[in-house]
């Protein structure tokens with residue numbers, strides 16, 4: 001499994017755990033289409049940050065409105081962090 005696929009799976013699992021919602025696709029919008037509220041989204045982001053020891057910029061969080069975008073951002077952070 002690639003890093004991006006692993007990140008997407010972790011995000012989907014976190015959304016299911018915290019919200020009981022299964023995303024139809026990685027491009028489904030969290031807020032408009034999946035009914036994710038901002039507090040639940042922050043729980044998902046926090047779970048990703050803890051698991052991968054990364055920190056998202058608070059200012060950029062509104063841009064991560066799909067699983068694919070959040071996974072790409074996490075992947076970029078991991079690449080900058082290095083091994």
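Yes/no matrix, rows are residues, columns are (1) in contact (Cβ under 8 Å) with a residue 24 or more places away in the chain; (2) more than 16 Å from residue 63 (Cα to Cα):
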residue	(1), (2)
3	yes, yes
9	no, yes
14	yes, yes
20	no, yes
23	yes, yes
35	no, yes
38	no, no
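The set of residues in the stretch 34-70 that are exposed (fewer than 13 other Cβ atoms within 10 Å of the Cβ) and either over 23 Å from residue 3 (Cβ atoms) or touching a strand residue (DSSP E or B) at 6+ places or on another chain (Cβ under 7 Å) (or both) comprises 35, 37, 38, 39, 58, 59, 62.
If the condition is being surrounded by 13 or more Cβ atoms within 10 Å (Cβ to Cβ) and in a helix (DSSP H, G or I), then the stretch 17-33 contributes 18, 19.
None of the figures in this text is laboratory data; all of them are computed from the coordinates on show. Being a predicted model, the structure only gives us computed values, none of them experimental. As a convention, Cβ positions derive from the backbone with ideal geometry for all residues, glycine included, and neighbour counts pool all protein chains shown.
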